[in-house]
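Asker: Dumping the structure here so I can ask a few things about it.
The values are calculated or read from the model by the stated rules, or taken from the named source; none is laboratory data. Please read all numbers here as calculations on a predicted model, not as lab measurements. Positions of Cβ are backbone-derived with ideal geometry, glycine not excepted, and every protein chain shown enters the neighbour counts.
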Amino acid sequence: MGDQLTHVDQQGRVSMVDVGTKEQTDRRALVRSVVRLAPATMQMLIKQALPKGDVLVTAKLAGIMAAKKTGDLIPLCHPLFLSYVDVRFDVQEDENRIVVEAEARTTAATGVEMEALVAAQTACMTIYDMCKAVQRDIVIEDCRLVHKSGGRSGTYQA
């Protein structure tokens, strides 16, 4: 871990990092998050019986679209050309949870962690939105970066 915040200058003001001189490398980030549902909601999701339609297809598309908009949402993020974004789901019926995994890739001078985080959280929020008609106490939890590769700092594996 660095001992200095990269988005704060010497005077303590926010500042966008200048990546103009950094080498362009292949970069990848993988984020996981969990959505917990009630057993009845989980059964409706599995049977595609929720009122708004196919939850996971909608959540996947929402996550991919959100990753592409990260530079518009996070003030000091650089807009990136994304070579790949995917959102995957592990529906764990026995635990009434959906593990959401978002992956983003690019070749750039800055990383794609924020794009993967935004994709994962947007997919989770879309699951919430699609299920809220039948359950209000849905929990989104444990969102974290689990893998990052490329760039000066090398590989991170949680």
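Asker: Could you tell me whether residue 56 is crowded, with 16+ Cβ neighbours inside 10 Å, out of contact with any helix residue (DSSP H, G or I) (no Cβ under 7 Å at 6 or more places or on another chain), touching a residue at least 24 places away in the same chain (Cβ under 8 Å) and not in a strand (DSSP E or B)? Write out each step before concluding.
Answerer: Values: crowded, with 16+ Cβ neighbours inside 10 Å: yes; out of contact with any helix residue (DSSP H, G or I) (no Cβ under 7 Å at 6 or more places or on another chain): yes; touching a residue at least 24 places away in the same chain (Cβ under 8 Å): yes; not in a strand (DSSP E or B): yes.
Yes: the conditions hold for residue 56.
Asker: Consider the stretch 70-91. How many of its residues are part of a strand (DSSP E or B) and either loosely packed, with under 13 Cβ neighbours inside 10 Å or of a type in the set (Phe, Trp, Tyr) (or both)? Give the derivation first.
Answerer: Residues of the stretch 70-91 that are part of a strand (DSSP E or B), as a first pass: 84-91.
If we keep only those that are either loosely packed, with under 13 Cβ neighbours inside 10 Å or of a type in the set (Phe, Trp, Tyr) (or both) too, we end up with 84, 89-90.
Residues in the stretch 70-91 being part of a strand (DSSP E or B) and either loosely packed, with under 13 Cβ neighbours inside 10 Å or of a type in the set (Phe, Trp, Tyr) (or both): 3 in total.
Asker: Looking at the stretch 99-152 only, could you name the residues that are over 11 Å from residue 30 (Cα atoms), surrounded by fewer than 21 Cβ atoms within 10 Å (Cβ to Cβ), at pLDDT 95 or above and of a type in the set (Gly, Ala, Ser)?
Answerer: Listed by number, the list holds a single entry, 133.
Okay, residues lined up against (1) assigned to a loop (DSSP other than H, G, I, E, B); (2) within 23 Å of residue 71 (Cα to Cα); (3) charged (D, E, K, R):
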{"site": "110", "(1), (2), (3)": "yes, yes, no"}
{"site": "118", "(1), (2), (3)": "no, yes, no"}
{"site": "122", "(1), (2), (3)": "no, yes, no"}
{"site": "125", "(1), (2), (3)": "no, yes, no"}
{"site": "137", "(1), (2), (3)": "yes, no, yes"}
{"site": "141", "(1), (2), (3)": "no, no, yes"}
{"site": "144", "(1), (2), (3)": "no, yes, yes"}
{"site": "151", "(1), (2), (3)": "yes, yes, no"}
{"site": "154", "(1), (2), (3)": "yes, yes, no"}
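Asker: While we're looking at this one, here's another question. Just one of the numbered conditions (1) out of contact with any helix residue (DSSP H, G or I) (no Cβ under 6 Å at 6 or more places or on another chain); (2) over 30 Å from residue 19 (Cα atoms); (3) outside any strand (DSSP E or B) is not true of residue 99; which one?
Answerer: With respect to (1) out of contact with any helix residue (DSSP H, G or I) (no Cβ under 6 Å at 6 or more places or on another chain); (2) over 30 Å from residue 19 (Cα atoms); (3) outside any strand (DSSP E or B), residue 99 is out only on (3).
Asker: Anything in the stretch 10-27 that is surrounded by fewer than 13 Cβ atoms within 10 Å (Cβ to Cβ) and not basic (Lys, Arg)? List them, or say none. Before the answer, list the steps.
Answerer: Applying the first criterion (surrounded by fewer than 13 Cβ atoms within 10 Å (Cβ to Cβ)) to the stretch 10-27 yields 10-14, 16, 18, 20-21, 23, 26.
Across the stretch 10-27, the qualifying residues are 10, 11, 12, 14, 16, 18, 20, 21, 23, 26.
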